[in-house]
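The values are calculated or read from the model by the stated rules, or taken from the named source; none is laboratory data. Please read these numbers as outputs of a predicted model, since none were measured by experiment. We place every Cβ from the backbone using ideal geometry, glycine too, and count neighbours over all the protein chains shown.
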Amino acid sequence: MLKTLRKIASVGIVSEPPPHADPLLRIRSALDEKIRSVLGRALCIRHVDAGSCNGCELEIQAITNPLYNLEGLGIRFVASPRHADLLLVTGPVVANMEMALRRVFDATPNPKLVVAIGDCGCTGGIFGESPACPGSVRACLGKVSNVIPVDVAVPGCPPSPVQILAGILTAVSNAGGAASGR
C-alpha cells in the first residue's frame, strides 16, 4: 500500500481533459424550444394504423427506444385523439377503417397535424386502391390523403426511425411557420 501511495505522489494526478460539449445536446434543446414555442407544451402523438402490414409500426416503436429517446425530445404518444396534437397514420386506408380514421381526425383538437408514414400511407403502396387490400372485406381507399388532409408524407417501406423523426419535426416546423405567419 505504501508503495502505491509513493507512486501516486511521484506521478501526480493524471486525467484526460474534459470532453467537448456534444452538439446534439444543442439540437435537442433547440427542438424542445421549438415544440414549446409552437404548442406551449410537449408534443402529443396519436398513432393510427389504417390497415398496414405492421412494418411501419416496428419502426415507430424503434423511435421510443433509448437510442432515439423520443420522450427526451418532449414528444410522447397518447391513447386518446382528444389529447393529441399530431396524428401519425400508417398503411393504406382500408374501407373498414375509413370512418374510424375520420372520427379520430375530427376528435383531434385544432391545430392538428397529420403525418402519413410509409409508402402505403403516402401513395397507397403496392395495394393502391384495389380490392386486394389486407384487413378489408371491401376495397382499399389508398393513401391517407384520400380520406383526411395530410401535412407531411414520409415515404419508405418502411421508413427508418430517423426519417419518421424528420417527418414529425418537419410537421412541427411547418406548423410553427404557419402559426407565426397568421
- Query: Which condition number does Asp32 fail, the rest of (1) more than 22 Å from Pro149 (Cβ to Cβ); (2) modelled with pLDDT of 80 or more being met?
  - Reply: (2)
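Okay, residues lined up against (1) closer than 23 Å to Ala42 by Cα; (2) surrounded by 16 or more Cβ atoms within 10 Å (Cβ to Cβ); (3) at pLDDT below 80:
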| residue | (1), (2), (3) |
| --- | --- |
| Leu87 | yes, yes, no |
| Val104 | yes, yes, no |
| Ala132 | no, no, yes |
| Val137 | no, no, yes |
| Ile164 | yes, yes, no |
| Ala175 | yes, yes, yes |
- What single numbered condition from (1) within 21 Å of Asn146 (Cα to Cα); (2) crowded, with 19+ Cβ neighbours inside 10 Å fails to hold for Ala95? (2)
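Taking strands (runs of 3 or more DSSP E) that do not extend beyond region 51-170, which have at least 1 residues that are in contact (Cβ under 8 Å) with a residue 12 or more places away in the chain and within 30 Å of Arg36 (Cβ to Cβ)?
Numbers: elements: 75-77, 86-90, 113-117, 140-142, 152-154.
Correct list: 75-77, 86-90, 113-117, 152-154.
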